1. Given A:E23, A:E69, A:E12, A:E5, which one is at the interface with chain B (Cβ under 8 Å from one of its Cβ atoms) and acidic (D, E)?
2. B:I87 - would you say it is surrounded by 14 or more Cβ atoms within 10 Å (Cβ to Cβ), under 30 Å from B:T127 (Cβ atoms) and either of a type in the set (F, W, Y) or without any contact (Cβ under 8 Å) to a residue 12 or more places away in the chain (or both)?
3. Mind listing whichever residues of segment A:26-66 are open to solvent by 50 Å² or more (accessible area, probe 1.4 Å) and farther than 16 Å from A:P13 by Cβ?
4. Can you pull out every residue in segment B:13-24 that is closer than 24 Å to B:I77 by Cβ, within 14 Å of chain A (Cβ to nearest Cβ), part of a helix (DSSP H, G or I) and open to solvent by 50 Å² or more (accessible area, probe 1.4 Å)?
5. How do the helices (runs of 4 or more DSSP H) wholly within segment B:109-215 filter down when requiring 2 or more residues that are among the acidic types (D, E) and modelled with pLDDT under 80: which remain?
6. Identify all residues within segment B:121-169 that are farther than 12 Å from B:E203 by Cα and among the β-branched types (V, I, T); write none if there are none.
7. Can you confirm whether segment B:49-71 contains a residue that is away from chain A (no Cβ under 12 Å) and not hydrophobic (A, V, I, L, M, F, W, C)?
8. So which residues in segment B:25-38 are open to solvent by 40 Å² or more (accessible area, probe 1.4 Å) and at pLDDT below 90?
Amino acid sequence: MIRKELVAASAEPLILSLLARGESYGYAIIQEVKARSDGKLQWTDGMLYPVLHRMEHRGLIKSRWGESETGRKRKYYSLKKDGKTAMAKHHEQWSLVHSVLSGLRKEQYV
Amino acid sequence: MFDLEKSIADWRQQMLAAGIKTPVPLEELENHLREDIAQQMQSGLSAPQALGIAVKKIGQAPELKREFKKTGIPMEIQKIIKLAGVICVTVALFCQLFTCPPFVFAFGFSLMTRVLLLAVWAITVATTVLSWRYNHKLLPVIRNQPLRRAVGIVCYMGCLLWMRFVLFHLPEFATGSLSLLVFLFGSEWTVMAILGGVGHGLEKAVSRHDLKTAS
């Protein structure tokens, strides 16, 4: 399991990157992250929604009420222009951390 | 006999009792709970087992409430604030446009006075419009939410005081002059637009700062 601090820090870039592929809703976002991380990256389900709402209030994403296959109301989220900019910055920063870590690890094996 | 609908209604009541009162989050959480229950039941679990797991996964109400409280001003209220801003600015500009230029050219002011009056008018128009658009770039980032709200309330009180002054004192001077009354009415909306812009700008300054630092 991944530490909760890292899970929290990665929530925003992951949500932005998932929504960059098209609009989605809370349950699907959680399932997708779980599947892509082989279940190692797990949020407390309910905690996703305050994060989504905060991102919406900051103008990164927007939402609309739609309908699920069963006819129930479902809230769909999609990326806004500021969200795309934020996502690019997240990618840049996480890539930098990744490259520094990779470099240090390679040096250990030299 | 286990009643799934009743159990979900009970869970909803527990969430409400714990303080998650806003309809939108609760509606979303309930939808999530139902989707998870359906998924678990498709995997072969019984309804009570599926409900138990889904409720556990969704988390405790006090923790959720704490997180939702950090969310800030709801989107719906932000839209109302923006609409109020647009109305204030539009009414203010409309009144200014129909009273200021005739006032400047109606009396026997000297050229210099007219230029000065027009300059003051132009600055007021610019401030009225731009305070909503660009205030967040000039105003400080006040991270302390109660302090930020207090400044917003002071601005609101300022509007009320100005309205009281305009409504109960200035009309005495404007008796019989329709254009002066319109001018006063416009100035009232101008003050509201400018002070409203300050309150809005403070909130926007924080959210913009958060956007920059987080990303």
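The values are calculated or read from the model by the stated rules, or taken from the named source; none is laboratory data. Bear in mind that the values here come from a model prediction, so they are computed numbers and not experimental data. Reconstructed Cβ throughout: ideal geometry from the backbone, glycine too, with neighbour counts over all protein chains shown. Ligands, DNA and RNA are excluded from the accessible area calculation, which covers all protein heavy atoms including side chains. Shrake-Rupley method; radii C 1.70, N 1.55, O 1.52, S 1.80 Å.
1. Sole residue among the options that is at the interface with chain B (Cβ under 8 Å from one of its Cβ atoms) and acidic (D, E): A:E12.
2. yes
3. Matches in segment A:26-66: A:Q31, A:K34, A:A35, A:D38, A:K40, A:Q42, A:T44, A:K62, A:R64, A:W65.
4. Within segment B:13-24, the first condition is being closer than 24 Å to B:I77 by Cβ, and the residues that meet it are B:15-16, B:18-24.
Filter once more, so that each one left must be within 14 Å of chain A (Cβ to nearest Cβ): B:15, B:18-20, B:22-24.
Restricting the remaining residues to those that are part of a helix (DSSP H, G or I) gives B:15, B:18, B:23-24.
Scanning segment B:13-24 gives a single hit, B:P23.
5. B:178-214
6. B:I123, B:T124, B:V125, B:T127, B:T128, B:V129, B:I153, B:V154, B:V166
7. yes
8. Within segment B:25-38, just B:E27 meets the criteria.
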